[in-house]
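This report refers to the structure that appears directly beneath it.
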Amino acid sequence: MTARVPLAHLPTPVQRFEALDRWIGSEVWVKRDDMTGGAEAGNKLRKLEYLVADAERRGARTLITCGGIQSNHARATAIVAARRGLRSLLFLRGELPGTLSGNLLLDRLVGADIRTISPEQYRARSELMLQAAESLTGEHAPGYVIPEGGSNGLGALGYVEAMREVAEQRRLGLCGDRRPFDAIVLACGSGGTAAGVAVGARRSGLAERVVPIAVCDDRSYFEVVIARIVSEMRAIDPTLPEAAELTILDGFKGPAYGIASHEQTRFLVEVARRTGLLLDPVYTGKAMFGLANLDPKPRRVLFLHTGGLPGLLAQASELGTHL
Ligand SMILES: *Cc1c(COP(=O)(O)O)cnc(C)c1O
């Protein structure tokens, strides 16, 4: 079995919200992976369990990763690094704002070394991170490069495990009856979670169909990315099956990555008010909005809540007019 360090608080609950079911018109079971931990919570923590085990086995002293300026993944990596006595180096796309908030505030709080880069430099992120790892090795703080979103075959194994966890919860009667779900719906940003869920869903007999809702790029891009990650996973663990059927939707991205439309923002506010379930404007809000607009509607759905609360807290001015 592939080595793993325990970082996440597991199992996360599966919950159902009457008001949400009524509104969406489906039986929606919410897998609360926004509750995998404290400030480090979210889907990235399950991937980091495998990635950090590999980093430590190789003697790394610095975790190097990248993302947008408000990256949830970079924040989770920085907090985990501090917890494991490692350093973190984050390449973040964009510019440092005058006031730190959300993920960026947490990155700085735990002492991450932050380097901001332009969108052009971001395209060469893999080379940038590799160079940094090499120079850190010279400084006796060997670096370990974690790709964007922790999305490679190793990280994605975290979601095979997550689906095993849901299958066990279903067996225990915690997801209503024991039928499979008609679909699993989740936000998709770098593809690793979708890849892990799709392989795990088939392995655990949880659902025949997985519906990743793209928050950036498009369907053909993610088809390639997810297929690559799935083949990496199956190279690491040849006992893994093929992925379940994937229906990648790219019509719910809103105006741009990180920016929700007025309709999506109103939706997120309404969900918060009716259910107390907090979605974020970058990922989970768009994914739930996608689920609400699926046609035909699946009768019984597993919605994966992947986290993102710090990103919500960094959008006070964008949300302000809707409150
Ligand atoms: C990173 C992230 C996602 C997307 O997961 P990927 O594995 O990158 O596709 C979804 N939701 C939240 C809150 C995230 O931080």
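What the table below lists for this structure:
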| quantity | calculated |
| --- | --- |
| Selected residue (only one of LEU20, LEU96, LEU90 is more than 18 Å from VAL282 (Cβ to Cβ) and either of a type in the set (Gly, Ala, Ser) or not in a loop (DSSP other than H, G, I, E, B) (or both)) | LEU20 |
| Among residues of the range 20-35, those that are over 10 Å from the mean Cα position of the chain (by Cα) and within 18 Å of CYS175 (Cβ to Cβ), counted | 11 |
| Hits in the range 272-287 (condition: assigned to a helix (DSSP H, G or I) and in contact (Cβ under 8 Å) with a residue 24 or more places away in the chain) | ARG274, THR275, THR284, GLY285, LYS286, ALA287 |
| Criterion (buried (at least 22 other Cβ atoms within 10 Å of the Cβ), among the aliphatic types (A, V, I, L, M) and modelled with pLDDT of 95 or more) met by exactly one of ALA60, ALA53 | ALA60 |
| Sole residue being under 17 Å from THR306 (Cβ atoms), in contact with a helix residue (DSSP H, G or I) (Cβ under 6 Å, 6 or more places away or on another chain) and of a type in the set (A, V, I, L, M), chosen from VAL185, VAL166 | VAL185 |
| The range 290-301 - residue that is more than 24 Å from TYR257 (Cα to Cα) and either touching a strand residue (DSSP E or B) at 6+ places or on another chain (Cβ under 9 Å) or among the hydrophobic types (A, V, I, L, M, F, W, C) (or both) and, of those, nearest to the ligand (Cβ to nearest atom) | VAL301 |
| Conditions (1) buried (at least 16 other Cβ atoms within 10 Å of the Cβ); (2) in contact with a strand residue (DSSP E or B) (Cβ under 9 Å, 6 or more places away or on another chain); (3) under 21 Å from PHE181 (Cβ atoms): number failed by VAL282 | (3) |
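The values are calculated or read from the model by the stated rules, or taken from the named source; none is laboratory data. These numbers come from a predicted model, not from an experiment. All Cβ positions, even for glycine, are placed from backbone atoms using ideal geometry, and neighbour counts span all protein chains on display.
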